[in-house]
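The values are calculated or read from the model by the stated rules, or taken from the named source; none is laboratory data. From a predicted model like this one, the values you see are computed outputs, not experimental measurements. Glycine also receives a Cβ, built like all others from the backbone with ideal geometry; neighbour counts cover every protein chain displayed.
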Amino acid sequence: MPEPPYLLEADTRQIALGAIVEICSRKGWLLSAAHVRTNHIDVVATANRPPEQVMIALKAYCSSKLNLRDGNTGQNRWARHGSTRYLWTDVAIRAAIDYVVHQEGEPMPVFEATASTVPNTETEP
């Protein structure tokens, strides 16, 4: 790595979480869970775009909000890519939410949608 890693402190984690909630709302994406860690962010969202495009938008919006606080320092905050995946079933979505909210270690700024807002992807016979 050409520069030291960017670590999110308590205040910048709150800014990033707020940015994620805001951009999902603006875009009409259903945010099911988000957990902002010191060195990465996990998100479970339903969107009308491929997950790679959602990830790019989330990174850009978080960066713009962090730039308002810190100024554009020119430091890279995010890895070039990230892990993206499709979640095809209600079971997969709920497992991802559980992982993001409860299995990522010490709780940090976290968002979890209520059960009634999590999409039901199962089909009735």
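Put simply, of 45, 96 the only residue that is assigned to a helix (DSSP H, G or I), touching a Leu at 6+ places or on another chain (Cβ under 6 Å) and of a type outside the set (Val, Ile, Thr) is 96.
In the range 1-25, the residues that are touching a residue at least 24 places away in the same chain (Cβ under 8 Å) form Cβ pairs under 7 Å with partners that are of a type in the set (Phe, Trp, Tyr) and part of a helix (DSSP H, G or I), at six or more places apart or across chains, as follows: 19/61; 23/61. Look through the range 59-102, keep the residues that are in contact with a helix residue (DSSP H, G or I) (Cβ under 6 Å, 6 or more places away or on another chain) and closer than 18 Å to residue 25 by Cβ, and return whichever of them is surrounded by the most Cβ atoms within 10 Å (Cβ to Cβ). That would be 62.
Candidates in the range 60-78 are the residues that are touching an Asp or Glu at 6+ places or on another chain (Cβ under 9 Å) and modelled with pLDDT of 80 or more; of these, the one that is farthest from residue 42 (Cα to Cα) is 69. When the residues of the range 79-112 are filtered to those that are of a type in the set (S, T, N, Q) and under 13 Å from residue 41 (Cβ atoms), which remaining residue is modelled with the lowest pLDDT? Here the answer is 83. Tell me, yes or no, whether the range 53-70 has at least one residue that is in a loop (DSSP other than H, G, I, E, B) and over 11 Å from the mean Cα position of the chain (by Cα). No, the range 53-70 has no match at all.
Specify the residue that is nearest to residue 101 (Cα to Cα); the eligible residues are those in the range 7-58 that are of a type in the set (Ser, Thr, Tyr) and in contact with a helix residue (DSSP H, G or I) (Cβ under 9 Å, 6 or more places away or on another chain). Only one residue fits best here, namely 32.
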